[in-house]
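Chemist: Just dropping this structure here.
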Amino acid sequence: GTPEDPYVVGMSQCNLGEPWRAQMNDDVRKAAEKHPNIKVIFKDAQNDSLVQRSQLEEFVNQGVDVILISPKEAAPLTEPVAKAFHGGIPVIVLDRALLKEEYTSFIGADNVKIGREAGKWVAETLGGKGNIVELKGLMTSVPGQDRHRGFLEGLDVKAHPGIKVVFEADMQWLEPNARKEMESALARQPKVDVVYAHNDPGAHGAYLAAKQVGREKQMKFVGIDALPQEGVQYVKDGILSVTFQYPTGGTEAVDMALKVLAGETVPKKVTLATKVFTHDNAATGGQAIP
Ligand code: FRU
């Protein structure tokens, strides 16, 4: 790779329409700009796994030097990733895990841990008693599954029999869906104490639904992502009570691609750290979770 003839990195993003994913692409772009020996080609699958699959095949046919992918769903993308990898193209998977580890490396935060921290926060805040609405991320994606499982662990309803999840729905990571599901939850449940949404857009959609019927002050909203201009701002504005940072890994992915291109060996898995943002610490950059 030289500035005249750079290495080509293909970056496949599952849905650029979501703010967190636009941030990931920005992080990749900014990191790559410092290295004129690589050039990144971005593709947006617009939230369609089959489109993402064919975009991956285009990268392979084109003979890119490295593939970065943040896959929409685990099942439909496991085989195409494995095929590219076994065909000799290094593949770095970002944020959403696949069903097999047939790729060069995975970079992402620990979603079970984030879910567990959210569950512990809710159990403590409720003082052992209360009604919860859980708005799940897409359950065919691993972060949704992990954030659900971790949450139940952290909540520990066996130790807190007064805590109940009274409504749960899959809002597929999307704010408009979360808002609609929350409207149903509110219509059915006269008492809701906490809404746990698997991402900040979901938590914000739920807040808007509650506000529309004048009930937003009766409950606390918990989210995940903590983008400065999104979740952290919601916490500062008093819309969310807490959000957990989900770093994009974009910068780390470019650093790793450079290492792979230089023939260095890289770890099979990189786990990114998380932080918690509450009203008390949001202005000072949140608090690291060990
Ligand atoms: C964006 C997003 C984030 C979430 C992540 C999980 O598509 O929904 O809000 O944290 O994906 O993979």
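The values are calculated or read from the model by the stated rules, or taken from the named source; none is laboratory data. Keep in mind that this is a model prediction, so the values were computed, not measured. Because the Cβ atoms are built from the backbone with ideal geometry, glycine has one as well, and the counts that use them run over all protein chains shown. Just the protein is used for accessible areas: all its heavy atoms, side chains included, with ligands, DNA and RNA removed. Shrake-Rupley method; radii C 1.70, N 1.55, O 1.52, S 1.80 Å.
Chemist: If you take just the strands (runs of 3 or more DSSP E) that sit entirely in the stretch 85-164, which of them hold at least 1 residues that are out of contact with any Ser or Thr (no Cβ under 9 Å at 6 or more places or on another chain)?
Modeler: Strands (runs of 3 or more DSSP E) meeting the threshold: 105-109, 129-136.
Chemist: Oh, and also: When both residues are 6+ apart or on different chains and their Cβ atoms are under 8 Å apart, which pairs have a first residue that lies in the stretch 1-25 and is more than 15 Å from the ligand (Cβ to nearest atom), and a second that is modelled with pLDDT under 95 and open to solvent by 40 Å² or more (accessible area, probe 1.4 Å)?
Modeler: Every condition considered, the pairs that remain are TYR7/GLY1.
Chemist: Condition (residue is of a type in the set (Ser, Thr, Tyr), part of a strand (DSSP E or B) and within 15 Å of the ligand (Cβ to nearest atom)) applied to the stretch 61-83: is it met by at least one residue?
Modeler: Checked against the condition, which is being of a type in the set (Ser, Thr, Tyr), part of a strand (DSSP E or B) and within 15 Å of the ligand (Cβ to nearest atom), the stretch 61-83 yields at least one hit.
Chemist: Residue by residue through the stretch 193-229, note down the ones that are open to solvent by 20 Å² or more (accessible area, probe 1.4 Å) and within 16 Å of the ligand (Cβ to nearest atom).
Modeler: HIS204, TYR207, PRO228, GLN229
Chemist: Out of all the residues in the stretch 65-92, which are more than 27 Å from MET139 (Cα to Cα) and open to solvent by 10 Å² or more (accessible area, probe 1.4 Å)?
Modeler: Initially, the stretch 65-92 is screened for residues more than 27 Å from MET139 (Cα to Cα), giving 65-66, 86-90.
ASP65, HIS86, GLY87, GLY88, ILE89, PRO90, listed by residue number.
Chemist: Follow-up. Any idea how many residues of the stretch 1-26 are farther than 20 Å from ALA97 by Cβ and out of contact with any strand residue (DSSP E or B) (no Cβ under 7 Å at 6 or more places or on another chain)?
Modeler: The number of residues fulfilling the criteria is 8.
Chemist: Scan the stretch 231-238 and tell me whether some residue there is more than 18 Å from GLU117 (Cβ to Cβ), more than 16 Å from the ligand (Cβ to nearest atom) and among the basic types (Lys, Arg).
Modeler: yes
Chemist: From (1) within 13 Å of the ligand (Cβ to nearest atom); (2) of a type in the set (S, T, N, Q); (3) more than 30 Å from ILE89 (Cβ to Cβ), pick out the condition that doesn't hold for THR248.
Modeler: (3)
Chemist: Step by step: first the residues of the stretch 27-60, then only those that are within 14 Å of the ligand (Cβ to nearest atom) and out of contact with any strand residue (DSSP E or B) (no Cβ under 9 Å at 6 or more places or on another chain), then the one that is farthest from SER141 (Cα to Cα). Which residue is that? Quick ask: steps written out before the conclusion?
Modeler: Going residue by residue through the stretch 27-60, those that are within 14 Å of the ligand (Cβ to nearest atom) are 27, 44-49, 52.
Now drop any that are not out of contact with any strand residue (DSSP E or B) (no Cβ under 9 Å at 6 or more places or on another chain), which leaves 27, 46-49.
Values: ASP27: 22, GLN46: 15, ASN47: 12, ASP48: 13, SER49: 11 Å.
Result: ASP27.
Chemist: As an exercise: evaluate ILE107 against (1) out of contact with any Lys or Arg (no Cβ under 9 Å at 6 or more places or on another chain); (2) over 23 Å from ALA178 (Cβ atoms); (3) crowded, with 24+ Cβ neighbours inside 10 Å and give the number of the one condition it does not meet.
Modeler: Looking at each condition in turn, ILE107 falls short on (1).
Chemist: Here's something else I'd like to know. Which condition breaks for GLN172 when tested against (1) on the phi < 0 side of the Ramachandran plot; (2) within 16 Å of the ligand (Cβ to nearest atom)?
Modeler: With respect to (1) on the phi < 0 side of the Ramachandran plot; (2) within 16 Å of the ligand (Cβ to nearest atom), GLN172 is out only on (1).
Chemist: Please work out if PHE167 is aromatic (Phe, Trp, Tyr), surrounded by fewer than 21 Cβ atoms within 10 Å (Cβ to Cβ) and closer than 30 Å to GLY87 by Cβ.
Modeler: On the way: aromatic (Phe, Trp, Tyr): yes; surrounded by fewer than 21 Cβ atoms within 10 Å (Cβ to Cβ): yes; closer than 30 Å to GLY87 by Cβ: no.
No, not satisfied.
Chemist: Identify all residues within the stretch 29-59 that are out of contact with any Phe, Trp or Tyr (no Cβ under 9 Å at 6 or more places or on another chain), under 18 Å from PRO6 (Cα atoms) and surrounded by fewer than 19 Cβ atoms within 10 Å (Cβ to Cβ); write none if there are none.
Modeler: LYS30, GLU33, LYS34, PRO36, PHE42
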